[in-house]
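Colleague: Below is one structure. I have some questions about it.
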Ligand code: NDP
């Protein structure tokens, strides 16, 4: 039984498909949940459906200034962050010929700059307290590449470079830093794909099905626990066997 009672967990993009499941699992383990939002109405409606009481903070994680404000708001509330889950992310798919600088910047901002912007607010305090967890949600496509996703694959591969370097810097201070690389997960985004395309995707997954958000959440919760204290700088694949290395 994982016990995170007394810990504060910040899950970026907690209102999304995978983020929701992560918030729920961490809350079940006893953590106090904080999540970011950009769309207030969506976030308030989401919070009302949860069985725990998340603290919602307006923050574009691609903006360093927003992340500073978020830290100040949490400090003012006396909530030190023990667990950061960098989960917020977007896609703007286009082949390299058609990709625009805007598509590139949007994805790098939300998916990679965000990891620095958010982690930079909280990691030093974690090292001073002698305990912390940073968990970066990347993607199988950051490990193997994907047609039409130069921006997304660059950002997701970059996340793991960040993971390894930061893991080295904080390893002796009780803070672990890991990447989780999900394969195709049955979120609204993937379920919105045409059924025949989805069937083609599933045919490439040895386990024979899409992953469940809860399966990513279970892994994140384990990485947040004391039992995972010897795991750091790792890139944990949860992709049904679609990509092995
Ligand atoms: P969703 O689209 O359901 O959720 C994404 C969340 O991120 C939303 O809450 C969104 O908020 C938030 N977000 C995006 N950009 C920003 C930003 N700049 N600032 C603040 N919040 C932001 O996605 P998923 O749950 O499917 O994916 C979650 C993570 O998992 C992503 O990083 C994704 O790349 C990764 N992943 C997903 C896979 C899948 O199959 N679904 C596979 C592999 C990886 P808002 O609605 O306000 O924009």
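Read-outs: derived from the displayed coordinates by stated rules, not from any lab. Small disclaimer: the values here were computed from a predicted structure and weren't measured. Backbone-built Cβ (ideal geometry, glycine too); neighbour counts: all protein chains shown.
Colleague: Report, to the nearest 10°, how far helix 17-28 tilts away from the longest principal axis of the Cα atoms in the chain, using its own Cα long axis and a range of 0 to 90°.
Modeller: On a 0 to 90 degree scale, this one is about 30.
Colleague: Sticking with this structure for a sec: Let me understand segment 31-82 better: what is its radius of gyration from the alpha carbons, and its Dmax, in angstrom?
Modeller: Answer for segment 31-82, Rg first and Dmax second: 11.3, 31 Å.
Colleague: For the chain, what does -39500 (n - 2.57) per DSSP helix run (n ≥ 4), summed and divided by total residues, give at 222 nm, in deg cm²/dmol to the nearest 500?
Modeller: Values: 10 runs with 109 residues, N = 245.
That comes out to -13500 deg cm²/dmol.
Colleague: Another question, then. For segment 150-210, what number results from the quotient of the Cα radius of gyration and 2.2 N^0.38 Å?
Modeller: Against the compact-globule rule of thumb, the ratio is 1.56.
Colleague: Okay, next question. Compare 99, 83, 216 in a GNM of the chain, Cα atoms joined below 10 Å, and give the one with the largest fluctuation.
Modeller: Looking only at 99, 83, 216, the biggest GNM fluctuation is shown by 99.
Colleague: Relative to the longest principal axis of the chain, what angle (0 to 90°, nearest 10) does the C-alpha long axis of helix 64-76 take?
Modeller: 40 degrees
Colleague: What is the order of 191, 126, 164, fewest Cβ neighbours within 10 Å to most?
Modeller: 191, 164, 126
Colleague: Binning every alpha carbon pair distance of the chain at 5 Å from zero, what are the percents per bin?
Modeller: 1, 7, 14, 19, 21, 18, 12, 6, 2, 1, 0
Colleague: Here's something else I'd like to know. Compute the angle between helix 114-129 and the longest alpha-carbon principal axis of the chain, please, reported from 0 to 90 degrees and rounded to the nearest 10.
Modeller: Helix 114-129 sits roughly 30 degrees off the main axis of the chain.
Colleague: Rounded to the nearest 0.05, what FRET efficiency is calculated for residue 45 and residue 193 with R0 set to 25 Å and r the Cβ-Cβ distance?
Modeller: Computed FRET efficiency for residue 45 and residue 193: 0.55.
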